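Have a look at the structure below, then the notes.
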Amino acid sequence: MSELNIKYYDTLLSIFLGFFIAQFALRQFLQPIIPFTPAPANVLNTMGLAGTFSVAALSVIIPFLIYEFKVPIPLKTLYLIVIITALWGGVLLSYIYPSYYLTWPWIILSIILWGLTIMSIILAITSLRAIELTLLAPVILLQLTSLVSYILNLVTEYYLIPVMVPSTALVYPTLLLIIIGALTLTALALIEVKVNKWSITGYVLAIIASASISLPLYQLTVNSFFMQHIMDMVFAMGFGVLAPPASVPLMSIILGLYVFAVLALIINGAFHRRYLYLAALAVTYVSTALTPHVLSIYFASVIASSLAVNHMGRVKLT
């Protein structure tokens, strides 16, 4: 692959990361807590709107990333057809039949995406170094746990099909994975810290950004058991993380650490391209919420980011 194509792919991946983090932090996080926070509502509403626009932007960027990935034509075509149908089909269907996401055809499409997501994670795992795989293992397990939670949530709560292992059994394993994953991801991001004026500025800005994301929820829940219960549902539906309500203040801190680690990986990507791909894999997992359209962003993002990591292994961009 030529240097020009590599730069184009990296630019596309950087745009993907930027939009995903924007929708993750601003839409999935800030929008649900806007009604409860003492911060200026107009500022938070503007940020939430930016996060919503980022969802639409991802619907454009993700197919481009998949198209640029050099996989066998039948597989790439399947990825494109399924993901474009999921991302844009939902938008069109929402005007015709708002409850489309509760129909069997849409559920079947979601399950196909679920299978493609597992396949893409496997592709990604085969492209990682031993130390990277070790440090990313909790995050990868979190992705897989969220996938299982989604399927269990689907069949038990919406179709009343009894299963042997209820979603509640995954509460403490999920909490443990997100705590360990945030710590190991931070270690991965800081293994080769580059000390210069640009990088230090980037790290400081990453700390400010991640603290700004985590602090409102921490202040909201640290002394309020009622708000812990309310925000616990936000975590479950917005982030795919199941945990006891009393753990919400801790989870808000962990979320800030998680965001910092991803931003640090992107900063390091300016020096070693490999970190961009590791950030792409680390930033995405599938929500447990059965929501119209937006859920497809998580499925598609895991696929796109995992294919990016595999792409890194093929062209050996280190």
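The values are calculated or read from the model by the stated rules, or taken from the named source; none is laboratory data. Since this is a predicted model, take the numbers as computed values, not measurements. Neighbour counts are summed over all protein chains in view; Cβ atoms, including those assigned to glycine, are modelled from backbone coordinates with ideal geometry. When the accessible area is computed, the model is the full protein with side chains, heavy atoms only, and any ligands, DNA or RNA have been set aside. Shrake-Rupley method; radii C 1.70, N 1.55, O 1.52, S 1.80 Å.
Structure notes:
- Flag if A261 is of a type in the set (G, A, S), at pLDDT 90 or above and out of contact with any Phe, Trp or Tyr (no Cβ under 8 Å at 6 or more places or on another chain): yes
- In this structure, T201 does not qualify as hydroxyl-bearing (S, T, Y) and surrounded by 13 or more Cβ atoms within 10 Å (Cβ to Cβ).
- Among the residues of the range 127-145, those identified as of a type in the set (S, T, Y) and either in contact with a Ser or Thr (Cβ under 6 Å, 6 or more places away or on another chain) or farther than 21 Å from L255 by Cα (or both) are S127, T145.
- Residues of the range 73-104 that turn out to be modelled with pLDDT under 80 and closer than 26 Å to L17 by Cβ, as a count: 3
- Some residue of the range 56-70 being open to solvent by 70 Å² or more (accessible area, probe 1.4 Å), out of contact with any His (no Cβ under 6 Å at 6 or more places or on another chain), at pLDDT below 80 and closer than 30 Å to N5 by Cβ: yes
- Every test in (1) at pLDDT 85 or above; (2) under 19 Å from T52 (Cα atoms) is passed by S306 save one, and that test is (2).
- Taking the numbered list (1) modelled with pLDDT of 85 or more; (2) within 16 Å of the chain's Cα centre (by Cα); (3) not aromatic (F, W, Y) in turn, T174 passes all entries but (1).
- Listed conditions (1) surrounded by 13 or more Cβ atoms within 10 Å (Cβ to Cβ); (2) at pLDDT 85 or above are all met by V155, apart from (2).
- For the range 274-292, the condition of being at pLDDT below 85 and charged (D, E, K, R) holds for none of the residues.
- In the range 265-275, the residues that are open to solvent by less than 10 Å² (accessible area, probe 1.4 Å) and under 19 Å from V302 (Cα atoms): L265
- The requirement of being open to solvent by 70 Å² or more (accessible area, probe 1.4 Å) and charged (D, E, K, R) is fulfilled nowhere in the range 131-148; no residue meets it.
- On inspection, L220 fails the criterion of being within 20 Å of the chain's Cα centre (by Cα) and either more than 18 Å from L276 (Cα to Cα) or surrounded by 15 or more Cβ atoms within 10 Å (Cβ to Cβ) (or both).
- Of residues in the range 79-101 being open to solvent by less than 80 Å² (accessible area, probe 1.4 Å) and among the aliphatic types (A, V, I, L, M), the one farthest from F299 (Cα to Cα): L93
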